[in-house]
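Structure first, then comments.
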Amino acid sequence: MSDAEGQRLVTLLADMQEAEALELARRMLDAGFDPVKLLGLCREAMAIVGARYEAQEYFLTELMLAGEMLTEIGAMAKPLIGQARDAGTAAAAPVKVVIGTVHGDLHDIGKNIVTFMLDINGYEVVDLGVNVPSKAFIDAVREHHPAVVGLSGFLTLAFDAMKDTIDAFRTAGVREDFRVMIGGGQVDERVMKFAGADGFGQNAVEAVSLCDGWTGRARHAG
Amino acid sequence: MSCTVQIVDGVAPEPSDADREMFSAKNLAEGWRRACQVRLGQGCTVRVPGKSALTASVRPTQQEDFRIALDPPVRTRRIRLDGAPAGAAAGHDDRLLAAINRRDPDLARSVDPQVMARLAGLVEAGETALIAAIFQGEVVNVVPARRRALALAIDLGTTTIGGFLLDLRRGSTAALCHEGLTNPQVSLGGDVVTRLNFAVGSDENRHTLQRLALTGINRLAASLCAKADAQTGDIVEVVIGGNTVMQHLALGLPVAGLARAPFVSLVRGPACVKARPLGIDAAPAAYAHFFPGIGGFVGGDHVAVILAFEARQATGTSLLVDIGTNTEISLIRGEQISSLSCPSGPALEGGEITWGMAAASGAIDRCTATGTDLSCSTIDAAPAEGICGSGVVDLVAALRDCGAINFRGRLQAGHPRVRDIGKRREFVLVPEDDRDGPAIVFTQADVRAVQLAKGAIRAGIALLLARSGVAESALDRIVVAGAFGMNLSLPSAVAIGMLPELPAARYEQIGDAAGLGVRLACLSHAFRSRAVQIARQAQHIDMAPGSAFHGLFARHINLPASPAAVTRS
């Protein structure tokens, strides 16, 4: 029974049936369905959404809606996980990525897609938002110890801000603690060298590949 | 494809991968290539299809002209310089001022020395019947009485520069003649962002952009004066309304502040400088007057649009939408004005669309769904060469109507005119067999570009209304301004969700309002003062983080789930 319900939840989420999906998730949790398993089903659904986005079937709206549904279900399920098993079988700690749009730039749609794609591929993403000062990046890497830092920017002047931020990492003595990837509308190898980053990506899929390569993780089937 | 060319004579180079992706084997054999992919090694003849050439003339848009009280900021006086000089104790300038002030004491208080140099020549030639032009107490020109005092009104657009020549002694907004030309800056980038990026690269780049803008203005000045049988030296004032970036570039000002958040302009207020030293051909002492802006990217051109709108004396609550690469939107309730600018991109003007082109002969400008198929018409009923902005909006509405795209904008593989070429999915508008050249198509990426553009405009409208606490249904009218807005099919714009679904009677298309606005500021001191007041009082809605713009944008990227209930024209 629950297997069939689980499959139905995956389908509803992947097909953007927001109201029905949220209602079903609530019903399953109320009936005692394992919240950890439920979140696993969400990841399964999000992987389908990611694949449909890559195939151009889905567009920005669907990614954003998927993100919202995921957040809502997470809010329902996570409190129950604590009750179910206190400090039980902790899985290997997820790899962390700190991401943000550099100072002077407010564009965040591309960054949000990267965050979403990293998230459904099993990374723990700390998103600092837009117009992020160098100091906020430094504070975040000191707190979270990420394996990768993602700097996003769409404006050409953001390239200066990327360089500025990476220079600040160096001055603060943390530059060697993680890899830095940059992304945005118009980055290329030249910009990567100018800014002093380790890699660049033209889209969210490339961002996931970069992180997978650096952290030695196999790419999830997507 | 905007860079499609055919090598008709001589050896065509090997096609690149990008060429192979774009053209069929037959097209490649016929010599079709993308100009951006070709390096010519030896002599050959290249045919550039009409749409690619920069020859597309700008179609004149509807002008609404009316008589207004003659009250120009530059005053003119017919004078007679007779009698003998009063001796060495008085200069010729005193004599000129006395002649001007004979009936209007204190009208003129000073004379630009350049005017005296010109006057010397006139006196020598025995010209005594003159027209003097005076701006704020300063004499800025004298010409023989048989000539005229002219003003040049410029609508400095990112894509097009419009010019209007006005006779300051006639109380009508009708220009003696008008003309539009492609902004020469387009050679350095089609949109404001590209040009900003170029300008911040170096001082030299910035000055290049300034020179190109002024070249465009001077070309218009020369051409208009020739048409009106006048000389550029008869132009006693130049009034320029452009978007924030265009005005900064024309003034030669640094634009770094506009290239990054929070997008602060260096000069927001009106700017008044001597035209000649700036590099504009006009009378030696004439001023160039730049419109004040509202803030951020809501610049002088939009103030000009509001001015033209106000001249219509509308009452109630109006939404004014000026669609372009940046779309400016204002909510107007009597004296209360709030405005914002949203980045709608060039797609709605046919830019960055695979087969996009200017609204010139051969452009697909209308599309209608008929059952599961659709039909198109072109400007001048010429063979199709591409698709223009108004055609793009019509097409997306028709694609939805005929079931070729779903409400998410995805092209449907099952539709008879949708095909997959490698990873590219596209709708075939004109098959290869029906024309001399590659098939004209509308790709999935083109649909997405339109979705982003219309999503941004609708989100801008939603944000502006939400901030002002006004419901869509409470709008008495929606006024669509601009040359593109004039040709836009409103039912299609509503059908794709770009504009709110309201009764058709509440919609109005007013054409080139910016052009009318700059003319009003030439002819009327009252209107020019009002422009300053608008710029000062209008509330600029910032789209900084937390403005909810992105959330609204995401909500409006999809097409309305059910086709809007608006009668199709």
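What does the convex hull of the alpha-carbon atoms of region B:159-198 project to on average, in nm²? All intermediate terms of the calculation are to be shown ahead of the outcome.
On the way: hull surface 14.4 nm².
Convex hull of Cα atoms, orientation-averaged projection: 3.6 nm².
May I ask you to list the lysines whose Cα is less than 18 Å away from that of A:K96, ignoring any residue fewer than eight positions away on the same chain?
Output for A:K96: A:K111.
For chain A, just run the numbers: alpha carbon Rg, then divide by 2.2 N^0.38 Å, N being how many residues it has.
Values: Rg = 18.5 Å, N = 222, 2.2 N^0.38 = 17.1 Å.
Output field value: 1.08.
Given region A:96-215 reduced to its alpha-carbon atoms as identical point scatterers, what log10 I(q)/I(0) does the Debye formula return at q = 0.13, 0.17, 0.20, 0.21 Å⁻¹?
Summing over Cα pairs of region A:96-215 leads to -0.39, -0.70, -1.03, -1.16.
Grab the beta carbon distance between B:Q136 and B:Q336, set R0 = 30 Å, and tell me the FRET efficiency rounded to 0.05. Before the final figure, lay out each step's value.
On the way: r = 30 Å, r/R0 = 1.01.
Working from the Cβ atoms, E equals 0.50.
So what's chain B giving for Cα Rg divided by 2.2 N^0.38 Å, two decimals?
Output field value: 1.07.
Amide H to amide H, which residues 5 or more places from B:Y287 or on other chains are under 5 Å from it, using H placed in the peptide plane?
Here B:V238, B:A275 satisfy the definition.
Starting from the eigenvalues of the Cα gyration tensor, five times each then square-rooted, give me the equivalent ellipsoid semi-axes of region B:4-47, largest first, whole Å. Spell out each step's value before the answer.
Working: eigenvalues 48, 24, 14 Å².
Taking √(5λ) for each Cα gyration eigenvalue gives 16, 11, 8 Å.
Amide H neighbours of B:Q136 under 5 Å, counting only residues 5+ apart in sequence or on other chains, H built in-plane at 1.01 Å?
Amide H neighbours of B:Q136: B:R75.
About its Cα centre, how strong a charge dipole does chain A have in debye, to the nearest 20, once Lys and Arg get +1 and Asp and Glu get -1 at the Cβ? Can you show the working numbers first?
Details: 20 positive and 32 negative charges, 118 e Å.
That gives a dipole near 560 debye.
Any idea what Rg and Dmax come out to for region B:150-290 if you just take the C-alpha atoms, in Å?
14.9, 47
For region B:218-369, what is Rg from Cα atoms divided by 2.2 N^0.38 Å, rounded to two decimals? Mind dumping the intermediate values first?
Details: Rg = 18.3 Å, N = 152, 2.2 N^0.38 = 14.8 Å.
So the Cα radius of gyration is 1.24 times the expected 2.2 N^0.38 Å.
Note the angle between two axes, namely the Cα long axis of helix A:35-54 and the longest principal axis of the Cα atoms of chain A, as a number of degrees from 0 to 90, rounded to the nearest 10.
Helix A:35-54 sits at roughly 60 degrees to that axis.
One quarter of the convex hull surface, Cα atoms only: what value does that give for region B:207-252 in nm²? Kindly include the intermediate steps, with their values, before the conclusion.
On the way: hull surface 13.5 nm².
Reported value for the Cα convex hull: 3.4 nm².
Run the quick spin-label model on B:L122 and B:S223: label points 7 Å from Cα toward the beta carbon, then report their separation in nm to one decimal.
Distance between the two pseudo-spin positions: 3.0 nm.
Expressed as an acute angle from 0 to 90° and rounded to the nearest 10, what is the orientation of the C-alpha long axis of helix A:204-215 relative to the principal long axis of chain A?
80 degrees
Within a Cβ distance under 14 Å of A:E124, other residues only, what is the Lys/Arg minus Asp/Glu net charge? Could the numbers behind the result be given before it?
Details: positive: A:R43, A:K78, A:K96, A:R217; negative: A:D119, A:D127, A:E143.
It works out to a net charge of +1.
Which whole-Hz couplings ³J(HN,Hα) result when phi for each residue of region A:59-75 is put into the Karplus expression 6.51 cos²θ - 1.76 cosθ + 1.60, θ = phi - 60°, listed in order with x for Gly and Pro?
Coupling constants for region A:59-75: 10, 4, 3, 5, 5, 5, 5, 4, x, 5, 4, 4, 4, 5, 5, x, 5 Hz.
Which of A:K37/A:K135; A:K37/B:K454; B:K26/B:K423 have a Cα-Cα distance over 31 Å?
Long pairs (Cα-Cα over 31 Å): A:K37/A:K135; A:K37/B:K454.
Show me, for region B:237-248, the HN-Hα J-couplings you get by feeding each phi into the Karplus relation (A = 6.51, B = -1.76, C = 1.60, θ = phi - 60°), rounded to Hz, glycine and proline as x.
7, 10, 10, 10, x, x, 5, 3, 5, 4, 5, 4
Specify the residue with the greatest mean-square fluctuation among A:A93, A:A197, A:A168, computed from a Gaussian network of chain A linking alpha-carbon atoms under 10 Å apart.
Sorting by GNM fluctuation, first place goes to A:A93.
How many percent of Cα pairs in region B:57-199 exceed 26 Å? Intermediate values should be presented prior to the final figure.
Details: 4487 of 10153 pairs.
Distances greater than 26 Å cover 44 percent of the Cα pairs.
Along its principal axes, what span do the Cα atoms of region B:74-144 show, with the longest given first and each in whole Å?
27, 23, 21
Which trypsin sites (Lys or Arg not before Pro) in region B:104-184 pass both tests, a DSSP loop state and at most 12 other beta-carbon atoms within 10 Å?
Numbers: sites: B:R109, B:R118, B:R146, B:R147, B:R148, B:R169, B:R170; in loops: B:R109, B:R146, B:R147, B:R148, B:R169, B:R170.
Here the sparse-neighbourhood loop sites are B:R146.
List the lysines whose Cα sits under 28 Å from the Cα of B:K274, skipping any in the same chain fewer than 8 residues away.
Output for B:K274: B:K227.
Compute the helix-to-body angle for B:389-401: its Cα long axis versus the longest principal axis of chain B, expressed 0 to 90° and rounded to tens.
Approximately 30 degrees, to the nearest ten.
Which value, in Å³ per residue, describes the convex hull spanned by the Cα atoms of region B:327-379? Don't skip to the answer; put the middle values down first.
Details: hull volume 8.1 nm³, N = 53.
Dividing the Cα hull volume of region B:327-379 by its residue count gives 152 Å³.
Rounded to whole Å, give me the distance from the Cα center of region B:274-340 to that of region B:99-148.
Value for the Cα centre distance between the two parts: 31 Å.
Report the calculated FRET efficiency for B:D9 and A:A51 (r = Cβ-Cβ distance, R0 = 51 Å), to the nearest 0.05. Please list the in-between numbers first.
On the way: r = 48 Å, r/R0 = 0.95.
According to the calculation, E is roughly 0.60.
Starting from the coordinates of the alpha-carbon atoms of the protein assembly as shown, obtain the Kirkwood hydrodynamic radius over all distinct pairs and give the value in Å to one decimal.
Values: mean 1/r = 0.0340 Å⁻¹.
Evaluated over the protein assembly as shown, this radius sits at 29.4 Å.
If you filter region B:276-370 for trypsin sites (Lys or Arg not before Pro), then keep DSSP loop positions with at most 15 other Cβ within 10 Å, what is left?
On the way: sites: B:R312, B:R333, B:R366; in loops: B:R312.
In loop regions of region B:276-370 (DSSP not H, G, I, E or B), the sparsely surrounded trypsin sites (Lys or Arg not before Pro) are B:R312.
Give the separation of the Cα centroids, region B:218-250 to region A:90-119, in Å.
Their Cα centres are 50 Å away from one another.
What list of ³J(HN,Hα) couplings, whole Hz, do you get for region B:508-524 from phi and the Karplus terms 6.51, -1.76, 1.60, once you set θ to phi - 60° and write x for glycine and proline?
Using θ = phi - 60°, the values come out as 9, 10, 10, x, 6, 6, 4, x, 5, x, 5, 5, 4, 5, 6, 8, 9 Hz.
For region B:347-450, what is the per residue volume of the convex hull drawn over the alpha-carbon atoms, in cubic angstrom? Walk me through the numbers before you get to the answer.
Details: hull volume 9.5 nm³, N = 104.
Dividing the Cα hull volume of region B:347-450 by its residue count gives 91 Å³.
How many percent of Cα pairs in region A:2-84 exceed 16 Å?
Details: 1533 of 3403 pairs.
Considering region A:2-84, 45 percent of its Cα-Cα pairs are separated by more than 16 Å.
Could you put B:S338, B:S492 in order, starting from the residue whose Cβ has the fewest other Cβ atoms within 10 Å?
Numbers: B:S338 20, B:S492 28.
Arranged by neighbour count, lowest to highest, B:S338, B:S492 become B:S338, B:S492.
Values in this text are rule-based calculations from the coordinates and carry no lab data. Note that the structure is predicted; figures quoted are calculated from it, not measured. Cβ coordinates were reconstructed from backbone atoms using ideal geometry, including for glycine residues, and neighbour counts include every protein chain displayed.
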